[in-house]
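Asker: So that we are looking at the same thing, I have put the structure below in structure tokens.
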Amino acid sequence: MPFIQTKTNVSVSKEQELSLKTAFGKAIELIPGKSERWLMLSFSDNERMWFVGDDAPLAYLSVKLFGAASDSAYDALTAKLTEIVSAQLNIPSSRIYVKYEEIDHWGWNGSNF
């Protein structure tokens, strides 16, 4: 089960959120064995955020992944997520961070994977 949490200091309209949801659902397939079927998303907009001393538009994505992936898969996903967020929210790619966390234990439906 992948989980992508997006935090940004810009406004995200419902239409943009739906577009991001769809694009993230396709992008997660860059990680072998992952699909939108188990993808959970969270969007937080209008956050008070600063980067390199200013509050110009920026985004922080936290990707939690049950299991692990290769460096090349993470590289491909970072490139795609950055492209998506930059295009949808008009945030320069140099102001988008993506953090990955591999999870060994993930609970769902009363038990663990």
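What follows draws every value from the coordinates through simple rules; no lab data is involved. Just so we're clear, the structure is a prediction, and the values are computed from it rather than from any experiment. Heads up, the Cβs are rebuilt from the backbone with ideal geometry, glycines too, and the neighbour counts pull from every protein chain shown.
Asker: Suppose we keep just the DSSP beta bridges with both residues in the chain; what percent of those would be antiparallel, to 5?
Answerer: Around 45 percent antiparallel, to the nearest 5.
Asker: Give me the net charge for the shell around Phe51: Cβ to Cβ below 15 angstrom, other residues only, Lys and Arg +1, Asp and Glu -1.
Answerer: Values: positive: Lys7, Arg48, Arg95, Lys99; negative: Glu47, Asp54, Asp55.
Computed value for this residue: +1.
Asker: Further question: Provide the net charge surrounding Ile28, with neighbours chosen by a C-beta distance below 10 Å and charges set as Lys +1, Arg +1, Asp -1, Glu -1. List each step's numbers first, then the result.
Answerer: Details: positive: Lys26, Lys34, Arg37, Lys80; negative: Glu29, Glu36.
In short, +2.
Asker: Mind pulling the angle between the C-alpha long axis of helix 71-89 and the longest principal axis of the chain? Nearest 10 degrees, somewhere in 0 to 90.
Answerer: It works out to around 40 degrees.
Asker: Size of the dipole of segment 27-113 about the Cα centre, Lys and Arg at +1 and Asp and Glu at -1 on the beta carbon, nothing else charged, in debye to 20? It would help to have the intermediate numbers written out before the result.
Answerer: Numbers: 7 positive and 12 negative charges, 28 e Å.
About 140 debye.
Asker: Moving on to the next point. Enumerate the amide H contacts of Val10 below 5 Å, restricted to partners 5 or more residues apart or on another chain; note that Pro and chain-start residues carry no placed amide H.
Answerer: Hits under the 5 Å cutoff: Asn46, Glu47, Leu58.
Asker: I've got another one for you. Please name which of Ile4, Ala73, Ala59 has its Cα lying farthest along the dipole of the chain towards the positive end, using unit charges on Cβ (Lys, Arg +1; Asp, Glu -1) and the Cα centre as origin.
Answerer: Toward the positive end, the furthest listed residue is Ile4.
Asker: Filter the trypsin sites (Lys or Arg not before Pro) in segment 46-113 down to the DSSP loop ones having no more than 14 other Cβ atoms within 10 Å, then list what survives.
Answerer: Loop-located and lightly packed - Arg48.
Asker: A further question follows. Within segment 12-75, report the chymotrypsin sites (Phe, Trp or Tyr not before Pro) that DSSP leaves as loop and that have at most 11 other Cβ atoms within 10 Å.
Answerer: Values: sites: Phe24, Trp38, Phe43, Trp50, Phe51, Tyr60, Phe66, Tyr74; in loops: Trp50.
Counting only loop positions with at most 11 other Cβ atoms within 10 Å, the chymotrypsin sites (Phe, Trp or Tyr not before Pro) in segment 12-75 are Trp50.
Asker: Return the calculated 222 nm mean residue ellipticity for the chain, to the nearest 500 deg cm²/dmol, obtained by summing -39500 (n - 2.57) across DSSP H runs with n ≥ 4 and dividing by the residue count.
Answerer: Details: 2 runs with 33 residues, N = 113.
So the calculated ellipticity at 222 nm is -9500 deg cm²/dmol.
Asker: Once the Cα atoms of helix 14-27 and of the chain are each reduced to a long axis, what angle between those two axes, in degrees from 0 to 90 to the nearest 10, is obtained?
Answerer: It works out to around 50 degrees.
Asker: Under 18 Å from the Cα of Lys21, which aspartates and glutamates turn up, not counting those fewer than eight places away in the same chain?
Answerer: Candidates past the 8-residue exclusion: Glu29, Glu36, Asp45, Glu83.
Asker: Would you mind checking the radius of gyration and Dmax of segment 33-113 based on alpha-carbon positions, in Å?
Answerer: Just the Cα atoms of segment 33-113 yield Rg and Dmax of 14.7, 44 Å.
Asker: Per residue of segment 41-51, in order, report the coupling 6.51 cos²θ - 1.76 cosθ + 1.60 (Karplus, θ = phi - 60°) as ³J(HN,Hα) in whole Hz, putting x for Gly and Pro.
Answerer: Each residue's phi maps through the Karplus curve to give 10, 9, 10, 10, 10, 6, 6, 7, 9, 10, 8 Hz.
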